[in-house]
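> A single structure is presented below for examination.
Laboratory data are not the source of any read-out in this text; all were calculated from the coordinates shown. Treat the numbers as computed from the prediction; the structure is a model and nothing was measured. Cβ: placed from backbone, ideal geometry, glycine included. Neighbour counts: every protein chain shown.
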Amino acid sequence: MYRDMIIDETRKIALIIAKLMGIKEQGTKQEFADEFEKVLKEEYEAELEALINLNEDEFKSLVNSGRYNAEKLNALSQLLYVFAEPFYNDADTKLLLKKVMIIFDVLEQKHRFQSFDNISKRNAIYRYFENNHE
């Protein structure tokens, strides 16, 4: 039963991410931003601006709070990563990518969750910071 719930949640999030990527590719920036906000509100009871405005410690507290299971955290990392693409050299991108890295760390350390996709994204984020900020 629990396994079926996890599979259903994973499918749902995969469809949401695919839909967002399609809108990002073919729609306007505003359509994408609106749909992204809708997903955050429905799935996470959060708003993008509020997430961005959390400092690193506050964000770590949120993702460690137990409010979201590993699947929801992984999906949130994917959503934030997609929203941050393409990686511009600006403050919002930097903040979003730091938050993605925080989620990846929590997934690995607390939930013992790793994936090749997350490792690849982590490497892309490292390259971004090497080239732009540090």
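> Given +1 on the Cβ of Lys and Arg, -1 on the Cβ of Asp and Glu, and no further charges, what dipole in debye does the chain carry about its Cα centre, rounded to the nearest 20?
420
> Can you give the helix-only mean residue ellipticity at 222 nm for the chain, where every DSSP H stretch with n ≥ 4 adds -39500 (n - 2.57) and the sum goes over all residues, rounded to the nearest 500 deg cm²/dmol?
For the chain, the value works out to -26000 deg cm²/dmol.
> How fast does segment 87-134 diffuse by Stokes-Einstein, in µm²/s, taking the Kirkwood radius from C-alpha pairs at 10 °C and 1.306 mPa s?
142
> List the relative contact order of the chain as a percent without decimals, with contacts defined as Cα pairs under 8 Å and 6+ residues apart.
The normalised contact order for the chain reaches 21 percent.
> Counting other beta carbons within 10 Å of each residue's own, what order do TYR88, TYR81 fall into, fewest first?
TYR88, TYR81
> Same structure, new question: For a label point 7 Å from the Cα of ASP92 along Cα→C-beta, name the residues of segment 106-134 whose backbone N is under 15 Å from it.
No residue passes the distance filter.
> Just want the answer: with Cβ charges of +1 for Lys and Arg and -1 for Asp and Glu, which residue in ILE23, PHE113, VAL39 is farthest toward the dipole's positive end in segment 2-132?
PHE113
> Let me ask another. Under the 0.36 nm per residue contour assumption, what length would be gained going from the current alpha-carbon distance of LYS60 and ILE17 to full extension?
13.2 nm
> Straight-line reach from LYS29: which lysines have a Cα under 18 Å away, not including same-chain ones fewer than 8 places off?
Those lysines meeting the cut-off are LYS19, LYS38.
> Can I ask one more? How far apart, in nm, are the 7 Å Cα→Cβ label points at ASP34 and ASN132?
Placing both labels 7 Å beyond Cα along the Cβ direction yields 2.7 nm.
> Still on this structure: Applying the Karplus parametrisation 6.51 cos²θ - 1.76 cosθ + 1.60 with θ = phi - 60° to the phi angles of segment 43-50, what ³J(HN,Hα) value in whole Hz is obtained for each residue in order, glycine and proline being reported as x?
Karplus values, whole Hz, x for Gly and Pro: 8, 10, 6, 9, 10, 4, 4, 5.
> Now, a different point. For a quick check of your reading of the filter: which GluC sites (Glu not before Pro) in segment 6-108 sit in a DSSP loop and have no more than 11 other Cβ atoms within 10 Å?
GLU45
> How would you rank THR28, THR10, going from fewest to most other Cβ atoms within 10 Å of each one's own Cβ?
Fewest to most other Cβ atoms nearby, the residues stand as THR28, THR10.
> Please report the orientation-averaged projected area of the chain, defined via the convex hull of its C-alpha atoms, in nm².
In nm², the orientation-averaged hull projection of the chain is 8.2.
> Among the listed pairs LYS72/LYS98; LYS24/LYS121; LYS41/LYS94, which have their C-alpha atoms separated by more than 20 angstrom in this model?
LYS41/LYS94, as the Cα separations exceed 20 Å there.
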